[in-house]
Amino acid sequence: MTELETRGDVGSLLREWRQRRRLSQLDLSCEAEVSTRHLSFLETGRAMPSRKMILHLAEQLDVPLRARNEMLLAAGFAPAYGERALQDPQMTPVREAVERVLASYQPYPALAVDRAWNLVAANQSVALLTAGIAAELLQPPANVLRLSLHPEGMAPRIRNLAQWRAHVLHRLAREAQLTADAGLIALHAELATLPGGIDPAPPNAIAVPLRLRQGDTELTFLSTVTVFGTAVDITAAELSLEAFLPADPTTARAVQAFPTPH
């Protein structure tokens, strides 16, 4: 089997992403200002899209940058987006931006993860979340979703584990569906087997809180997520920064008093 056959032809990839976004050919043709007939020809292979057309349709379909490169390769074009390691000298501005954002959240926990939810960077206050976690789970690459739901991770300290677990699995399932990422699909299957139950009731608040036992105190956090919305490098586009902010004054006081490592 050739590499192209492994990836699939560009018409099939276009159709798969359109269907994944639950759009009809008419819907996409209207959004992309391309005739339905031409779009049909592209999907069936009766016409070959130009490089510009592939990138245009991928933008309309909100295809991840990594998958856009795959579509270009399937059509015989060079990739449009680079992928550099975060430690690459050319990624210094991105690395410094991540560090500044994480530091700005002190004394509240904040971390950066890659597309597989592996820990990339964290501020000192993340030690409050990772206290008591088994050392092997913290070995790189430490997966933060596994850390939160594993019986030897944060799970025993999470007071609303069934609710938090439902939130995490729903979020992961949605990302897996939107990106078609095999790694995320496998991670969801793994985490779904861990104990902890699922709370079927929808949250009675605006957001799902993380209720964490810390000694005799219950800490309540709400999380916020930041991404590089205009990234043109795959590594930067796949980074997410998540901060855990206090949901009540008790948590704020406890976090501010928590001794962080130096």
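Read-outs: derived from the displayed coordinates by stated rules, not from any lab. Since the structure is predicted, the reported quantities are computational estimates derived from the model, not experimental observations. Virtual Cβ from ideal backbone geometry, glycine too; neighbours counted across all protein chains shown.
Can you give the charge dipole size of the chain about its Cα centre, rounded to the nearest 20 debye, using +1 on the beta carbon of Lys and Arg and -1 on the beta carbon of Asp and Glu? Can you show the working numbers first?
Values: 25 positive and 28 negative charges, 74 e Å.
Around 360 debye, computed over the chain.
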Q: Have a look at Thr36, Thr235, Thr251 and tell me which one the Gaussian network model of the chain (Cα, springs below 10 Å) gives the largest fluctuation.
A: Thr36
Q: With θ set to phi - 60°, apply the Karplus curve 6.51 cos²θ - 1.76 cosθ + 1.60 along segment 104-114 and write out the HN-Hα couplings as whole Hz, x wherever there is a Gly or Pro.
A: 5, 7, 3, x, 8, x, 8, 8, 10, 10, 8
Q. In whole percent, what relative contact order does segment 3-74 give with Cα contacts below 8 Å and a gap of six or more residues?
A. 44
Q) So for Met71, Met91, Met48, fewest C-beta neighbours within 10 Å to most, what's the order? A) Met48, Met91, Met71
Q. Between Ala247 and residues 5 or more places away or on another chain, which pairs have amide H atoms under 5 Å apart, with H built 1.01 Å from N, and which residues are they?
A. Thr220, Phe221, Leu222
Q) In degrees, nearest 10, range 0 to 90: what is the angle between the Cα axis of helix 182-192 and the longest Cα principal axis of the chain? A) 40
Q.
Per residue of segment 154-167, what does 6.51 cos²θ - 1.76 cosθ + 1.60 with θ = phi - 60° give for ³J(HN,Hα)? Whole Hz please, x for Gly and Pro, Karplus curve as stated.
A. 7, 3, x, 8, 7, 6, 10, 4, 4, 6, 5, 5, 4, 4
Q) Non-local amide H neighbours of Ala121 (under 5 Å, H modeled in plane, Pro and chain starts lacking H): which ones? A) Ala112
Q: Could you go through segment 41-51 in sequence order and give the Karplus-derived ³J(HN,Hα) for each residue, using 6.51 cos²θ - 1.76 cosθ + 1.60 with θ = phi - 60°, rounded to whole Hz, and x for Gly and Pro?
A: 5, 5, 5, 8, x, 6, 9, 9, x, 6, 4
Q.
With Kirkwood's inverse mean 1/r over C-alpha pairs for Rh, give me the Rg to Rh ratio of segment 57-107, two decimals please.
A. 1.17
